[in-house]
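The values are calculated or read from the model by the stated rules, or taken from the named source; none is laboratory data. Everything quoted here is computed from the prediction, not taken from an experiment. Note that each Cβ is placed from the backbone with ideal geometry, even for glycine, and that neighbours are counted across all protein chains shown. Ligands, DNA and RNA are stripped out before the accessible areas are found, and what is left, the full protein with its side chains, is counted by its heavy atoms. Shrake-Rupley method; radii C 1.70, N 1.55, O 1.52, S 1.80 Å.
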Amino acid sequence: MIDRLLPAPIATAEAFHDDPLSAMFPEERELVARAVPQRQKEFGTVRGCARDALAQLGIAPAPILPGPGRAPRWPAGVVGAMTHCNGYRAAAVARSTQMVTIGLDAEPNEPVADPGVVDLVTRPEERAQFPRLSAAYPEVCWDRLVFSAKESVYKAWYPLTGRWLDFEEASLTLDPATATFTARLLVPGPVVAGTQLTEFTGRWLIDKGLVVTAIAVPVE
């Protein structure tokens, strides 16, 4: 499913259930030793996905540990992202000579239950799009899609900046005809190859009860 959003040269892998055979390295197992069993399983499975994706790049298995901001520490010369939600785990990686950064997120295609959370993660201009979009495409939970897209934005942003990006610091415009979104940064963006990024563009898909969003910034 994810390969429909992130084609080559990005390597992807996904799982729809936890694999009890997904072995963790001791350093990884230590990180979740006190976690509940479900957290341990998803932690191991998503890293199994990441190692499967890295293998497509010819990279040998190694621990994938969190770094600053909880972002994964990828092998040298690799950029990537991981995501997991109920019933889905996925990873995407690429050589840094080909991709600048990757953002990836998956969520259940269900409305955000708490209106207060919707107000927290969306901006007024984003919420203003929902009635029109919901009337035309009622199968999509647009508040959840915006939440997921902003998670993808953050995952693409953080490796380039090392800084937090609040939900209100990016404004999304959604294009359902092409299943794409544009996230306009409302704070100074990172400088890549001498040019300051002012926005991220991404894609989404709705399938198997999930909304999956992804961003890929190629090397120019």
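Observations
- Against the chain, whose longest principal axis is taken from its Cα atoms, helix 37-56 shows a tilt of about 80°.
- Taking Cα atoms only, the orientation of helix 142-161 departs from the longest principal axis of the chain by about 50 degrees.
- Charge tally for PHE147 (other residues, Cβ to Cβ under 9 Å; Lys, Arg +1; Asp, Glu -1): -2.
- Scoring 173-183, 31-41, 99-109 by mean Cβ neighbours within 10 Å over their residues and listing the highest first yields 99-109, 173-183, 31-41.
- Phi-derived couplings, Karplus 6.51 cos²θ - 1.76 cosθ + 1.60 at θ = phi - 60°, listed residue by residue for the range 168-181: 7, 8, 9, 10, 9, 10, 10, 10, x, 5, 10, 6, 10, 9 Hz, with x used for Gly and Pro.
- Protein heavy-atom accessible surface, 1.4 Å probe, per residue over the chain: 49 Å².
- Among the protein heavy atoms of the range 10-158, carbon and sulfur supply 57% of the accessible surface, probe 1.4 Å, non-protein parts ignored.
- For GLY87, neighbours were defined as the other residues whose beta-carbon sits under 13 Å from its Cβ, and their charges (Lys and Arg +1, Asp and Glu -1) total -3.
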